[in-house]
């Protein structure tokens, strides 16, 4: 054995002082666990934006100025529609409204329903603004009369009654999103007490979708992550056949997760939806280095008569630089997320990056210390194993990389070309409702409510006039604008103050009108004054400010997709410009659907910049570590191929570029760089020892290649439990893990080998 150096010093020290190592580990772990009770959870995706982001500031200002709150949509769907809505359905709706009004966080006076909202009726010399119903109608005639009045209402028409499905809806304003999940549970509890013939209850809206996802994601993390972790352990056990080695490898990875989460909580950071993904991302990266160590260690142990300590030291001497380089570059990839400007993503990136460095440290300490305390007795078959035979490239075996390297490189270029084209097909789009599987109750509720009613996705456009909005000409312009806006795809309904003015004008004249609006601004002001003093003034001031200088155009959208919201904004602003309003400034937007569009766009843009910056950072780090441009460029081949192939496939299959896909780009970098660095660094070492590539190729495709292949198989199969998770982002992570490991492994073992085979005369002399 060559003389031992500082590269194996820490592992040898840990082997010689295992109790000291585990006392320190126990101390740090107890300290981290003690911080867990201080956890603060935040499931609001809007916090992807800084609190002072202009979009959030504008949204808060709009809500304050127009008395607007986030809403939850609740709808009753009968088993079948008998052509009319019955008194029994009205009785059931009345009981549900009473239940909802008692729930904490519900703004009961602003609930939109037939039992809480006001109708406008005229009488000689004035109007009467009062509730449609205070109690259920006694007969069918009463029900039909109410429905007829509802369909003529400027705000509620098409919103709370659907005669086609006999559906009835309630739109429930809440003080904060946090109340949406308890509200949903209360409504479901109420419905569980109803007879089966009552039909279905549907609860939808972005607040309830986001909060329900946040709650279920925490539960999913508590099940999927351990299952994936367990399966990784089982596959490692199959490969290495040593309870001791596998236990300590998994132990050190779990310890890293505990330390990182404890530090996160202890430093006062809120555990956001992004933070729940830290274990899922950190576990595979934390166990990758251990698999490289175990692969080399078990192979050497089977053929060596040396003591375990001596064999372990040899392994660390040889693999120290590869695992150091991969840890530094992978950590840099995640640290680059701190440049996104998105607070939860920044925390996520720094936490995972720090965890990678901790995993490197624990691989040097916990793994050898534990191996000393619990001596392994692996019985691996090394080169004779299935993995060994699969990656072997001996002279007598059927090695396609050795026989057809140019064909392999040509095929790789074809895949890259197809991938680049596929990337041009990618569409940036997201919708929190689609984070649930198609059959989830929230998805079913979303489909029914947005098919039967005006739409459950609100958006608000504020227009400020240089004077006021009371003029008849402006009312006519606004009415025309509203009709044009309702022609935009996925717009179910548009509500503005002209509808109320028109309704009052109609009622005061008993329907005998020649024009939609009165002929003077004084008359318009008088109408609104009558409405304000007859009913709930907030019903008016949701649409126009008290000074009449700003109006709120309220959209009900049938889709919460980013693309649809962006189209509505673009078309609406174009129509506003064509309308010729004398505005002080450009239209301002608010509402949860708008804020979602903005934070998701910010995230996609931020992740794209982070991806570019991390790519550049890794290039510079490789250049610094290798001190050679050719080795550096070769190390980026698997990373580049993996990114293009994976994201090209995203475009080809029509998968939207959403939040999970954006975040997973960081994992692509970490894994692909890891494999490439191990292959190239070990290749340089072996070429230096053997004297040339032809003499080194068979040895490189021995243990080093087996370690990379084992890593790919362990992580890819280990995360297959995520494929059956009920939440789409977890399934996305599972699919991407399989794709990333497959493309990264193939591009390293097959692609880099073919590059070495074709271009080895041009490889740097200094390795």
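The values are calculated or read from the model by the stated rules, or taken from the named source; none is laboratory data. Note that the coordinates shown come from a computational prediction; the quantities given were computed from them, not determined experimentally. Methodologically, a virtual Cβ is constructed for each residue, glycine included, from the backbone with ideal geometry; neighbour enumeration extends over all protein chains shown.
Just need a number here: residues in segment 110-131 that are outside any strand (DSSP E or B) and within 27 Å of residue 76 (Cα to Cα). Residues flagged as outside any strand (DSSP E or B) and within 27 Å of residue 76 (Cα to Cα) within segment 110-131 amount to 7.
Taking the criterion of being out of contact with any strand residue (DSSP E or B) (no Cβ under 8 Å at 6 or more places or on another chain) and in contact (Cβ under 8 Å) with a residue 24 or more places away in the chain, the residues of segment 176-189 that qualify are 176, 177, 178, 181, 182, 186.
Could you look through segment 244-261, keep only residues that are without any contact (Cβ under 8 Å) to a residue 60 or more places away in the chain and over 25 Å from residue 727 (Cα atoms), and pick out the one that is surrounded by the most Cβ atoms within 10 Å (Cβ to Cβ)? So that I can check it myself, show each step before the final result.
Initial filter on segment 244-261 (without any contact (Cβ under 8 Å) to a residue 60 or more places away in the chain): 246, 250, 254.
Imposing the further condition that a residue be over 25 Å from residue 727 (Cα atoms) reduces the set to 246, 250.
Details: 246: 25, 250: 20.
The selected residue is 246.
The residue pairs whose first member lies in segment 196-213 and is closer than 14 Å to residue 433 by Cα, whose second member is at pLDDT below 90 and part of a strand (DSSP E or B), and whose beta carbons are closer than 9 Å, counting only pairs six or more residues apart or on different chains, are 213/727.
Looking at the structure I just gave you, is residue 36 within 30 Å of residue 369 (Cα to Cα) and modelled with pLDDT of 95 or more? No, not satisfied. No other residue among 697, 706, 684 is buried (at least 23 other Cβ atoms within 10 Å of the Cβ), within 24 Å of residue 321 (Cβ to Cβ) and out of contact with any helix residue (DSSP H, G or I) (no Cβ under 6 Å at 6 or more places or on another chain) apart from 697. Report yes if some residue within segment 330-341 is outside any helix (DSSP H, G or I) and under 24 Å from the mean Cα position of the chain (by Cα); otherwise report no. For segment 330-341, residues outside any helix (DSSP H, G or I) and under 24 Å from the mean Cα position of the chain (by Cα): present.
In segment 495-580, which helices (runs of 4 or more DSSP H) lie fully inside it and hold 3 or more residues that are within 21 Å of residue 128 (Cα to Cα) and touching a helix residue (DSSP H, G or I) at 6+ places or on another chain (Cβ under 6 Å)?
Values: elements: 497-508, 521-534, 537-541, 562-579.
Once the helices (runs of 4 or more DSSP H) in segment 495-580 are filtered for at least 3 residues that are within 21 Å of residue 128 (Cα to Cα) and touching a helix residue (DSSP H, G or I) at 6+ places or on another chain (Cβ under 6 Å), what remains is 497-508, 521-534.
Would a scan of segment 638-647 turn up a residue that is over 29 Å from the mean Cα position of the chain (by Cα), farther than 25 Å from residue 461 by Cβ, assigned to a helix (DSSP H, G or I) and touching a residue at least 40 places away in the same chain (Cβ under 8 Å)? Within segment 638-647, not a single residue is over 29 Å from the mean Cα position of the chain (by Cα), farther than 25 Å from residue 461 by Cβ, assigned to a helix (DSSP H, G or I) and touching a residue at least 40 places away in the same chain (Cβ under 8 Å).
Within segment 348-372, the set of residues being touching a residue at least 40 places away in the same chain (Cβ under 8 Å) and within 31 Å of the chain's Cα centre (by Cα) comprises 348, 349, 351, 352, 354, 355, 356, 358, 359, 360, 362, 363.
Considering segment 123-150, the residues that are in contact with a strand residue (DSSP E or B) (Cβ under 9 Å, 6 or more places away or on another chain) and under 15 Å from residue 504 (Cα atoms) include one that is surrounded by the fewest Cβ atoms within 10 Å (Cβ to Cβ), namely 130.
Just give me the residues in segment 99-129 being more than 35 Å from the chain's Cα centre (by Cα) and free of Cβ contacts under 8 Å to residues at least 12 places away in the same chain, in sequence order. Spell out the reasoning first.
Initially, segment 99-129 is screened for residues more than 35 Å from the chain's Cα centre (by Cα), giving 114-129.
123, 124, 125 - these are the residues of segment 99-129 that are more than 35 Å from the chain's Cα centre (by Cα) and free of Cβ contacts under 8 Å to residues at least 12 places away in the same chain.
Which members of segment 398-416 meet the condition of being at pLDDT 85 or above and assigned to a helix (DSSP H, G or I)? Steps first, answer last, please.
Looking only at segment 398-416, we keep the residues that are at pLDDT 85 or above, and these are 404-416.
Those that are at pLDDT 85 or above and assigned to a helix (DSSP H, G or I): 405, 406, 407, 408, 409, 410, 411, 412, 413, 414, 415, 416.
Taking the conditions (1) at positive phi; (2) in contact with a strand residue (DSSP E or B) (Cβ under 8 Å, 6 or more places away or on another chain) in turn, residue 553 satisfies each one other than (1). The residue that is farthest from residue 180 (Cα to Cα), counting only those in segment 222-232 that are surrounded by fewer than 19 Cβ atoms within 10 Å (Cβ to Cβ) and touching a helix residue (DSSP H, G or I) at 6+ places or on another chain (Cβ under 7 Å), is 231.
Here is a list: 510, 519. Which entry is touching a residue at least 40 places away in the same chain (Cβ under 8 Å), on the phi > 0 side of the Ramachandran plot and over 44 Å from the mean Cα position of the chain (by Cα)? Reasoning before the result, please.
Values: 519 fails: on the phi > 0 side of the Ramachandran plot.
Within the list 510, 519, the selection yields 510.
From 269, 321, 316, grab the single residue that is at pLDDT 85 or above and part of a loop (DSSP other than H, G, I, E, B). The match here is 269. Within the set of pairs 6+ apart or on separate chains, which have a first residue in segment 141-152 that is farther than 11 Å from residue 119 by Cα, a second that is assigned to a helix (DSSP H, G or I), and C-beta atoms under 8 Å apart? Listed pairs, sorted by first residue: 142/87; 143/87; 143/90.
May I ask you to list the residues in segment 16-41 that are out of contact with any helix residue (DSSP H, G or I) (no Cβ under 6 Å at 6 or more places or on another chain) and surrounded by 17 or more Cβ atoms within 10 Å (Cβ to Cβ)? 22, 25 - these are the residues of segment 16-41 that are out of contact with any helix residue (DSSP H, G or I) (no Cβ under 6 Å at 6 or more places or on another chain) and surrounded by 17 or more Cβ atoms within 10 Å (Cβ to Cβ). Across segment 687-709, the number of residues qualifying as over 30 Å from residue 234 (Cβ atoms) and not in a helix (DSSP H, G or I) comes to 2. Screening segment 616-636 for residues that are closer than 22 Å to residue 750 by Cβ and under 28 Å from the mean Cα position of the chain (by Cα) and picking the one that is modelled with the lowest pLDDT gives 618.
Exactly one of (1) in contact (Cβ under 8 Å) with a residue 12 or more places away in the chain; (2) in contact with a helix residue (DSSP H, G or I) (Cβ under 9 Å, 6 or more places away or on another chain) is unmet by residue 450. Its number? Every listed condition holds for residue 450 apart from (2).
A quick yes/no check of all residues on (1) surrounded by 18 or more Cβ atoms within 10 Å (Cβ to Cβ); (2) in contact with a helix residue (DSSP H, G or I) (Cβ under 9 Å, 6 or more places away or on another chain):
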| position | (1), (2) |
| --- | --- |
| 600 | yes, yes |
| 605 | no, no |
| 608 | no, yes |
| 627 | no, no |
| 633 | no, yes |
| 638 | yes, yes |
| 649 | yes, yes |
| 657 | yes, yes |
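Can you find a residue in segment 56-66 that is crowded, with 16+ Cβ neighbours inside 10 Å and over 23 Å from residue 601 (Cα atoms)? Yes, that holds for at least one residue.
Selection over segment 710-730 of residues that are touching a residue at least 40 places away in the same chain (Cβ under 8 Å), more than 14 Å from residue 238 (Cα to Cα) and part of a helix (DSSP H, G or I) gives a count of 6.
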